[in-house]
Amino acid sequence: MTDTLTPTSALTHLGWTDGDPHPATGTALARVVVHHGTRCEVLAAASDGTLTAHTADIAPTLPVTPVAGDWVELGPDGRVVTVAARRAILTRAGSAGQGRQVLAANIDTVLIVVPLAGGLNATMVERLSVMAWDSGAQPALVLSKSDTTHDGGARDAAAAELLSPGIPVLPVSVRTGEGLDTLRAHLGPGTTTVMLGPSGAGKTSLLNALEGTSEAVASTGRSGGRHTTTTRRLHLLASGGVLLDIPGIRSLEVAAGRSAVDDVFTDIAALAPYCRYTDCGHDGDLGCAVEEAARTGTLPAARLATWHKLQGEIAYRRRREDPAEMADTRRQWKAVSKQARRNRR
Ligand SMILES: Nc1nc2c(ncn2[C@@H]2O[C@H](COP(=O)(O)OP(=O)(O)OP(=O)(O)O)[C@@H](O)[C@H]2O)c(=O)[nH]1
Ligand SMILES: [Zn+2]
C-alpha cells in the first residue's frame, strides 16, 4: 500500500470530513490551531499533500474572528479570507456585559476526564457532564487511573452511567492499558476532540498514551522555522482523529444552560411534571414531587443538592450576562430592603 498524501487525505488528518467546506479554486483550506490578535496559526494542506504550519494574517474584512478548530480559506496572499460555518462550538461566559466567548469550533467530542484514584467524585461527573452537553458536542466520560481500583473501575463505571445518562463511560488506565483501544475507537478519522477535567486527572498521560503522529507534521511554514507551539496544540492522533489542546479549555468554566442540566439530571426532569406547580423550584415548594423522592430515598439527596447548586450558578451567570435582568434583581433587592426598613420602624 502506498502512503502518499493527496490534499484531501491530508485534510482528513486535520479532522476534515465530507460535510466540511470544500476549498474554492485559488484558495487553500486550513484549520486554525490558535488565534492571537490580527493573526492566527493554521495548519494547511499543500498541493503535494503535506501539512504545513503558517502564521496567517486575518483579512480586515473578515466578519468573525477565527477560533481554534475553525476551517478557513487562505487567499493567494496567504491571508485568512473566509471562515466556514461552524458546527458545535465551545463557549464560556465573557466578562460582564460581553456575552459569550467562543473558545473553539467544530468539536465533535468532549472527553470528560475524571480520576478514580481516591474514589469516584459524583459531583465532578455531574458538573463536567453539564458543561460538556452545553457545548453541543457529544460527551464521553473517561474514568482515568482505573488501575487504582480492585475491579478495573467496573463498579464506578456502573455508578457513573446513572449519574450522566446517555454518555459513554470508559474506564482507562495508562498503566495497564485498559480501555485505551475503546477510547481510540471514539477518536477516529474526521473527529475533533477536546479534553475537559481537573488538574491531575491524567489528561497529559492519556494524550501521551494515545498520541502517535503529531511530530510527523511538516512544520516548515512560509517563514521557515518550526512552529512547535502549533504541533503541541493540535495533535494528530494515531487513531486518525484530532485532539485540540487549548489553554483555558482543560478546566473550562463553560456557561451551561438549563437544558444541559436536564440532559444530565434526567431523573429530576422526569419527576418535575408531578410537582404541584409547573415552575416548582424543588426547594420547599408545596406538593414537590422531587423533594418527596429525595425524602423517601428514591432520589439521592446529594444529587438534588448538586442540582440546586447548578441552578444557582446558572441564574447568577445569566444575571451577570444580562444587564437588564441584573438591574431587575437590584430593583427587587432595593424593594425588599426598603420594606425591611419600613418594617423595622
Ligand atoms: N495509577 C495511575 N496514575 C496515573 C494514570 N494516569 C496518570 N497518572 C498519574 O497522575 C498524575 C497526573 O497526571 P497528568 O497526566 O499530569 O494529569 P493532567 O490531567 O494532565 O494534569 P494537568 O496538566 O494539571 O491538567 C501523574 O503523576 C501521573 O503519573 C493512570 O492511568 N494510573
Ligand atoms: Zn418540585
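The values are calculated or read from the model by the stated rules, or taken from the named source; none is laboratory data. This structure is a prediction, so every number in the text was calculated from the model and none was measured. Neighbour counts run over all protein chains shown; Cβ positions are idealised from the backbone, glycine included. Calculation scope for accessible area: heavy atoms of the full protein, side chains included, ligands and nucleic acids excluded. Shrake-Rupley method; radii C 1.70, N 1.55, O 1.52, S 1.80 Å.
Summary of computed values
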{"quantity": "Spin-label pair T278/D181, simplified geometry with 7 Å Cα→Cβ offset, distance in nm", "calculated": "5.3 nm"}
{"quantity": "For the stretch 145-187: rounded, prolate or oblate by the Cα gyration tensor [a/c cutoff 1.5]", "calculated": "oblate"}
{"quantity": "FRET efficiency, E313 to T148 (Cβ-Cβ, R0 30 Å, nearest 0.05)", "calculated": "0.50"}
{"quantity": "Over the stretch 7-84: Kirkwood hydrodynamic radius from C-alpha pairwise inverse distances, Å", "calculated": "12.2 Å"}
{"quantity": "Accessible carbon and sulfur surface of the stretch 7-84 relative to its total accessible area, %, 1.4 Å", "calculated": "57 percent"}
{"quantity": "Relative contact order for the stretch 38-138, counting Cα pairs under 8 Å that sit 6 or more residues apart, in percent", "calculated": "19 percent"}
{"quantity": "Proximal charge balance of S173 [Cβ under 10 Å; K/R count +1, D/E count -1]", "calculated": "0"}
{"quantity": "Sites L62 and E211, calculated FRET efficiency, Cβ-Cβ separation with R0 30 Å, nearest 0.05", "calculated": "0.40"}
{"quantity": "Point-to-point label distance, A269-A301, nm (Cα→Cβ direction, 7 Å offset)", "calculated": "2.7 nm"}
